[in-house]
Amino acid sequence: MATKAEFRTRQLKRLQEAAAETQAASETLMATLIKTTVWQQAKSIGITVSGPFEVATAPIIAAAHAAAKAVFLPRVMPKRQMVFLPDPGHEHLVKSAFGIPEPAYQADLVEPAPDLLIVPGIGFSLADRYRIGFGGGYYDRFLAEYFGHTLTLVPPVMAFPQPDWPVDPFDVPIETLILANGDMIR
């Protein structure tokens, strides 16, 4: 088994090569998402602004706003912490040190627990719902203290029968994986 760093290097290359396939799967993934009970019941969602080889989140954010859901985006903080803040609109986002668009920090607007958290990653194990992210540990730390619903959208390039990376004791499985074929794993 590869180390997490080795897996990330190999997987990031695969993700770039499969970017068009991932974008093509985005519409089906979103269609399945908005039919779920957890989406329909959520009054607030936490979601990232997607990068070029991730599932497109702009249509999901737009659908959440259209459904009168409060939308919260992550912001990285010192000591590898992360908070969720209201979506100020794309034109008002600022770039993080990692180049990721995020809201400006306002302590009084922090949302500690959106009803539904749509969790990003670069690989997901279908056997046990574990994820591997980009390596900062921000989501692992947040998920350790989060008790709402977690869900992720898994295009084919991110789906693995078993984890091809080491799973650590602090890793938190995702509640529901939505696959590009419309299946859900809980």
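The values are calculated or read from the model by the stated rules, or taken from the named source; none is laboratory data. Just so it is clear, the model here is predicted, and its values are computed rather than measured. When we count neighbours, we look across all protein chains shown, and the Cβ atoms used for this are built from the backbone with ideal geometry, even at glycine. Surface accessibility is based on the protein's heavy atoms, side chains included, excluding ligands, DNA and RNA. Shrake-Rupley method; radii C 1.70, N 1.55, O 1.52, S 1.80 Å.
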Pair list, Cβ under 7 Å, 6 or more apart: the stretch 22-41 residue free of Cβ contacts under 8 Å to residues at least 40 places away in the same chain and within 13 Å of residue 64 (Cα to Cα), other residue in a helix (DSSP H, G or I) and open to solvent by less than 60 Å² (accessible area, probe 1.4 Å): 34/63
Test set (1) out of contact with any His (no Cβ under 9 Å at 6 or more places or on another chain); (2) closer than 27 Å to residue 31 by Cα; (3) of a type outside the set (Ser, Thr, Tyr) - residue 103 fails condition number: (1)
Selected residue (criterion: farthest from residue 26 (Cα to Cα)) from residues of the stretch 115-141 that are out of contact with any Gly (no Cβ under 9 Å at 6 or more places or on another chain) and modelled with pLDDT under 95: 141
Residues that are of a type in the set (Val, Ile, Thr) and more than 17 Å from residue 162 (Cα to Cα), drawn from the stretch 1-31: 9, 22, 28
Residue that is nearest to residue 15 (Cα to Cα) [pool: residues in the stretch 117-148 that are in a loop (DSSP other than H, G, I, E, B) and among the β-branched types (Val, Ile, Thr)]: 122
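Going through 73, 85 one at a time, which residue ends up being at pLDDT 95 or above, part of a strand (DSSP E or B), over 24 Å from residue 16 (Cα atoms) and touching a helix residue (DSSP H, G or I) at 6+ places or on another chain (Cβ under 9 Å)?
Residue meeting the stated conditions: 85.
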Residues (surrounded by 14 or more Cβ atoms within 10 Å (Cβ to Cβ) and over 28 Å from residue 156 (Cβ atoms)) located in the stretch 78-101: 83, 84, 85, 86, 87, 88, 93
Of all residues making up the stretch 75-93, the number that are in contact (Cβ under 8 Å) with a residue 24 or more places away in the chain and basic (Lys, Arg): 2
Which numbered condition residue 151 fails, given (1) part of a loop (DSSP other than H, G, I, E, B); (2) buried (at least 20 other Cβ atoms within 10 Å of the Cβ): (1)
Residue count, the stretch 22-55 (criterion: over 26 Å from residue 110 (Cβ atoms) and among the aliphatic types (A, V, I, L, M)): 6
Residue match in the stretch 60-69 (condition: part of a helix (DSSP H, G or I) and either closer than 24 Å to residue 15 by Cα or touching a residue at least 40 places away in the same chain (Cβ under 8 Å) (or both)): yes
Scope the stretch 120-135; condition open to solvent by less than 20 Å² (accessible area, probe 1.4 Å) and either small (Gly, Ala, Ser) or within 12 Å of residue 172 (Cα to Cα) (or both); matching residues: 121, 123, 124, 125, 132, 133
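Can you tell me which residue among 177, 117, 109, 143 is farther than 27 Å from residue 78 by Cβ and either open to solvent by 50 Å² or more (accessible area, probe 1.4 Å) or touching a residue at least 12 places away in the same chain (Cβ under 8 Å) (or both)?
Going through 177, 117, 109, 143 in turn, just one is farther than 27 Å from residue 78 by Cβ and either open to solvent by 50 Å² or more (accessible area, probe 1.4 Å) or touching a residue at least 12 places away in the same chain (Cβ under 8 Å) (or both): 177.
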Flag if residue 96 is over 14 Å from the mean Cα position of the chain (by Cα) and hydroxyl-bearing (Ser, Thr, Tyr): yes
